[in-house]
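See structure below.
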Amino acid sequence: MAAKATAEPKKGAPLARVMRPINNVVERWIPSALVFAIILTLVVGVLGMTIGHAGPIEIIQGWGDGLAGLLAFMTQMALILLLGHMLANTRPVRRLLQTVASWPNTALQGYLLVFVVAACASLITWGLGLVVGGLLAKEVAQSGRERGVKLHFPMLVAAGFSGFVVWHMGYSGSGPLTAATPDSFIAEQLGYTIPITDTIFSWWNITGALATIVLVALALAAVAPRGSDRIVELPGGAGSEKADADEAIETPADRIDASRLPTLIVGLMLAAYLVVHYVNGGQATLDIVNWTFLALILIIVRNPFEVIKLTKNAAANVGEILLQFPLYAGIMGMMAASGLIEIFSDMLVSIANPTTFGLLALLSAGIVNFFVPSGGGQFAVQAPIMLDASERLGVDPEIAIMAVAYGDQWTNMIQPFWAIPLLAIAGLKMRDILGYTMVTLLVSGVVFGGVLVMASLL
């Protein structure tokens, strides 16, 4: 049973009242991400034939030839989401979340705890952070109800989703990891790879991530319900789910599937490989990040039965994303065939300078994210343009990479696509949390823009 999604905005939240018309537009008129990808395909095709230098045949051929261009990248992105969801739902992680949920003694502590934990989880891997935000919101709400602490459930869920605003600054950031991956489309364009020490682990990105967490936490505390504000609590019976019953052991094959040994052996082998990789000077890439989380999952699960269950539950969140990536690859093919990459790059170069480039790239990426909500898909479409423009302006490529990354995570706060898994866990709609996540958008946007300008000046 879900919390009341139709509850009126509370008296103490004027931003929620201001956002109500926008919420209604989002709920009624924004189509699915798949439809957006189809619309963008048609728009780019028309642009390629009008302002580009390609005819209909060249556009169709460029599109068709490009469809298979991101197959490896698509698999890497799907694995990040799949493994993050699986990790969040392992029994040790669920027990940890239940323990953490008992810490807050006040409603404000509960809201801030959910945000900070979700942000830290997102910095580890975005798939984990996205799921943890929803799960922890429910656990904190359940724990608070049992102890008589009244918590506004939409605020808890909004805090959980707000933690997602820093995901591209962390270990699973698809943009910087793609740039660090040999043979990726970015490496092919640049002629070299960019290690994550220059992007994710640069001092300015780490500073930006910490500043974002601190300032967004303060902003959420400022708009949190208090006093006589209306509170919509988690309904009775909507708390923690019970653990799945163990599989019946009836045959020798069942005993093998119920043994911890098979998964533990493979998990330890993967862990040993990762140690050797880093000891030999290897860099973090998309594949290495995925093997890290797979190793962790295989080590902490109890048996293959549990892995199979976790995989089945997580797979439902991956299918829609998989179908979009060939369309994004086709868009890249049309842009390359028609010269749109150079045309759009010329437009940016004409209005930017080395100092303002990062800020303008951030704003453009934030807009593009509405139409290409997948971080990996957006990076595939937009990064080649930004890298070409940054080279012509003499701007370091890592600023272009992180500007696209920041723009993607920034407007996720008011783009409903990535909120879908979390909202499904919580049983809410986007309109219930948008008044709060808009605050996150405003504060994080100032931080991201400031970090990019500062990095450009140094």
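The values are calculated or read from the model by the stated rules, or taken from the named source; none is laboratory data. Since the structure is predicted, the reported quantities are computational estimates derived from the model, not experimental observations. Please note: Cβ atoms are built from the backbone with ideal geometry, for glycine as well, and neighbour counts cover all protein chains shown. Accessible surface areas use protein heavy atoms only, side chains included; no ligands, DNA or RNA. Shrake-Rupley method; radii C 1.70, N 1.55, O 1.52, S 1.80 Å.
Between the stretch 300-360 and the stretch 173-239, how far is it from one alpha carbon centroid to the other, in angstrom?
Between the Cα centre of the stretch 300-360 and that of the stretch 173-239, the gap is 16 Å.
Which of the three applies to the stretch 255-345, rounded, prolate or oblate, going by the alpha-carbon gyration tensor with a ≥ b ≥ c and a/c under 1.5 meaning rounded? Write down the numbers at each step before the final one.
Working: a/c = 5.16, a/b = 1.78, b/c = 2.90.
Oblate is the answer for the stretch 255-345, as a/c is 1.5 or above yet b/c matches or exceeds a/b.
Given the -39500 (n - 2.57) contribution per DSSP H run of 4+ residues, what per-residue ellipticity at 222 nm results for the chain, rounded to the nearest 500 deg cm²/dmol?
On the way: 22 runs with 326 residues, N = 458.
Computed ellipticity for the chain at 222 nm equals -23000 deg cm²/dmol.
Read phi for every residue in the stretch 136-141 and hand back ³J(HN,Hα) as whole Hz from Karplus 6.51 cos²θ - 1.76 cosθ + 1.60, θ = phi - 60°, with x for Gly and Pro.
Computed from phi, the couplings for the stretch 136-141 are 5, 4, 5, 5, 5, 4 Hz.
Evaluate the distance, in nm, between pseudo-label points positioned 7 Å from the Cα of LEU215 and of ARG91 along their respective Cα→Cβ axes.
Result for the modelled spin labels: 4.4 nm.
Solvent-accessible area per residue for the chain at a 1.4 Å probe radius, Å²? Spell out each step's value before the answer.
Numbers: 18970 Å² over 458 residues.
I get 41 Å² per residue for the chain.
Using the per-residue mean of other Cβ atoms lying within 10 Å as a proxy for protection, in what order, highest first, do the peptides 126-134, 48-56 fall?
Peptide ranking by packing, descending: 126-134, 48-56.
Quick one: which of 92-102, 149-159, 392-402 comes out on top by average Cβ neighbours within 10 Å, and what's the full order, highest first? Walk me through the numbers before you get to the answer.
Values: 92-102: 15.9, 149-159: 27.2, 392-402: 22.1.
Packing order, densest peptide first, comes out as 149-159, 392-402, 92-102.
So what are the ³J(HN,Hα) numbers for the stretch 142-156, from phi and the Karplus equation (6.51, -1.76, 1.60; θ = phi - 60°), rounded to whole Hz, Gly and Pro as x?
Running phi through 6.51 cos²θ - 1.76 cosθ + 1.60 with θ = phi - 60° gives 5, 4, x, 4, 5, 9, x, 9, 7, 10, 7, 4, x, 5, 4 Hz.
Between [x] 64, 62, 43; [y] 76, 51, 44; [z] 71, 59, 43, which matches Cα extents along the principal axes in Å calculated for the structure shown?
[x]
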